[in-house]
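Following: one structure in structure tokens, then a few remarks.
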Amino acid sequence: NAGVMQNPRHLVRRRGQEARLRCSPMKGHSHVYWYRQLPEEGLKFMVYLQKENIIDESGMPKERFSAEFPKEGPSILRIQQVVRGDSAAYFCASSPPVDQETQYFGPGTRLLVL
Amino acid sequence: GQNIDQPTEMTATEGAIVQINCTYQTSGFNGLFWYQQHAGEAPTFLSYNVLDGLEEKGRFSSFLSRSKGYSYLLLKELQMKDSASYLCAVLNTGGFKTIFGAGTRLFVKA
């Protein structure tokens with residue numbers, strides 16, 4: 001049973017470009033969470049999704065950021081018109097329908113904006 | 001507001017015992033997690049406490065007091081590989097929004 005997969009592991013973008021981060025949850029998991037971690041800081045909750053539904057996006061910046069978890073395929077975190085301050089590690093976690101409390105983290109995508 | 005406090009750094013000696021404290025003030029509470037995170041890697045689950053008391057799991061134990069808004073992670077027989085950041089996190093009421101502390105960086109020296 002493969003763990004949570006994220007790709008790419010590293011992403012370099014220039015200011016103004018778009019960044020697309022992908023997350024495939026563990027098999028059987030229907031809940032996906034995205035977190036951002038700045039250097040030397042803790043994880044900050046961004047958004048919680050179930051299949052085709054955004055449940056809580058209270059941690060997501062109102063502009064330039066969006067997330068989806070379609071019926072088929074991975075969850076996508078999309079950042080438009082990236083700025084240097086978006087440079088961070090973005091972690092995805094998933095949890096099963098039952099025992100939702102325990103989240104399993106992916107390896108993260110490290111975004112660097114030049 | 002939401003606030004989770006834990007020490008920034010701690011240093012301990014191989015073979016010793018270390019206790020990492022965490023205090024929290026959150027608008028809701030549905031359990032407290034401890035995660036371990038090595039540099040450049042994903043957090044890995046260590047423990048989940050929802051009731052008061054001590055839960056022991058091998059060399060690691062976690063304690064919770066809900067009335068005091070306090071938890072600690074106890075690591076025994078420290079090994080060099082235990083050098084990592086330890087993240088305290090509170091699960092909000094509703095069961096899905098997890099608030100993380102900034103983490104405690106533990107350095108284990110020989």
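Every read-out reported here was derived from the displayed coordinates using simple, explicitly stated rules and does not represent laboratory data. From a predicted model like this one, the values you see are computed outputs, not experimental measurements. Neighbour counts run over all protein chains shown; Cβ positions are idealised from the backbone, glycine included.
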Exercise for the section: Please list the non-local residues whose amide H lies under 5 Å from the amide H of residue A:88, H modeled 1.01 Å from N, same-chain partners needing a gap of 5 or more. Expected result: A:111
Exercise for the section: Please give every one of the aspartates and glutamates within straight-line cross-link reach of residue A:71, meaning a C-alpha to C-alpha distance under 14 Å, and leave out same-chain neighbours fewer than 8 residues apart. Expected result: A:52
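Is the shape of chain A best called rounded, prolate or oblate, per the rule: a/c under 1.5 gives rounded, else a/b larger than b/c gives prolate, else oblate, with a ≥ b ≥ c the square roots of the Cα gyration tensor eigenvalues?
Working: a/c = 1.73, a/b = 1.61, b/c = 1.07.
Note, shape of chain A comes out prolate.
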Exercise for the section: Take peptide B:9-16, look around each residue's Cβ out to 10 angstrom, count Cβ atoms belonging to other protein chains, and average those counts. Expected result: 0
Problem - Average other protein chain Cβ within 10 Å of Cβ, residues B:39-48 - result: 4
Problem - Computed FRET value (nearest 0.05) for residue B:46 with residue A:17, which takes r as the C-beta separation and R₀ as 30 Å - result: 0.20
Practice task
Averaged over every viewing direction, what's the projected area of the C-alpha convex hull for the protein assembly as shown? Give it in nm², one decimal, please.
Solution key: 12.5 nm²
